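Remarks on the structure that follows.
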Amino acid sequence: MTEPLSKRRLKLWIRLLRVTRLAEGDLREFLRVAHQSTLPRFDVMAALHRAGEALTMSELSHQLLVSNGNTTTVVDRLEKDGMVVRTPSVSDRRIVHVAFTAAGRRHFEQQATDHEARVNELFAKVSAADLDLLDGLLQRMTPAPTKPASTAPASTTPASTTRTTAHDIDG
């Protein structure tokens with residue numbers, strides 16, 4: 001007898017989560033060893049790089065899906081290391097902009113090149129055709145908006161397999 005579709009989807013979710021966690025763990029170790037850095041630091045610098053200009057602390061937090069306090073911790077360390085600079089807004093003193101220093105941009109560009117090479121190694125067994133297929137499938141799998149908590153069915157996924165942020169913030 002074939003398993004119900006709901007069970008097969010649950011197994012797919014667990015498999016996707018496992019692949020993500022294994023790759024993320026490898027990348028955390030890679031950044032620690034090769035660059036004496038962390039994934040949260042990389043994420044903040046990647047957000048600045050994608051923006052191409054200064055971002056406010058709130059914009060960074062929103063892009064990273066973490067609290068302002070978590071973002072502040074990482075930015076504090078990046079600023080201390082000379083990778084970023086904070087500039088208060090001239091129109092609103094509550095707003096602080098964060099931008100790369102020249103050294104920070106150079107440092108991130110090297111890290112990003114190495115990071116891309118490592119990701120390429122991790123997924124070397126995935127062909128171009130497989131990538132196209134997987135990309136299409138993942139686009140179709142984008143979850144629908146969730147129901148309000150009072151009407152949503154109880155979760156069948158153990159709490160230990162869920163996440164609330166893109167990456168843990170640990171500086």
Considering each residue of segment 117-167, count those that are at pLDDT 65 or above, assigned to a helix (DSSP H, G or I) and of a type outside the set (D, E), and give that number.
15
In segment 86-110, residues that are at pLDDT 95 or above and among the hydroxyl-bearing types (S, T, Y) total 2
Subset of segment 1-46 that is outside any helix (DSSP H, G or I) and touching a residue at least 60 places away in the same chain (Cβ under 8 Å) - its residue that is surrounded by the most Cβ atoms within 10 Å (Cβ to Cβ):
S37
Among residues of segment 61-85 being at pLDDT 95 or above and crowded, with 20+ Cβ neighbours inside 10 Å, the residue nearest to H107 (Cα to Cα) is M83
Residue identified as hydroxyl-bearing (S, T, Y) and more than 23 Å from F123 (Cα to Cα) among T38, T71
T71
Residue under question is A112, and the condition is that it be under 28 Å from G52 (Cα atoms) and touching a residue at least 60 places away in the same chain (Cβ under 8 Å); does it hold?
yes
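The values are calculated or read from the model by the stated rules, or taken from the named source; none is laboratory data. These figures come from a predicted structure and were not determined experimentally. Quick reminder, even Gly has a Cβ in these numbers, built from the backbone with ideal geometry, and neighbours come from all protein chains shown.
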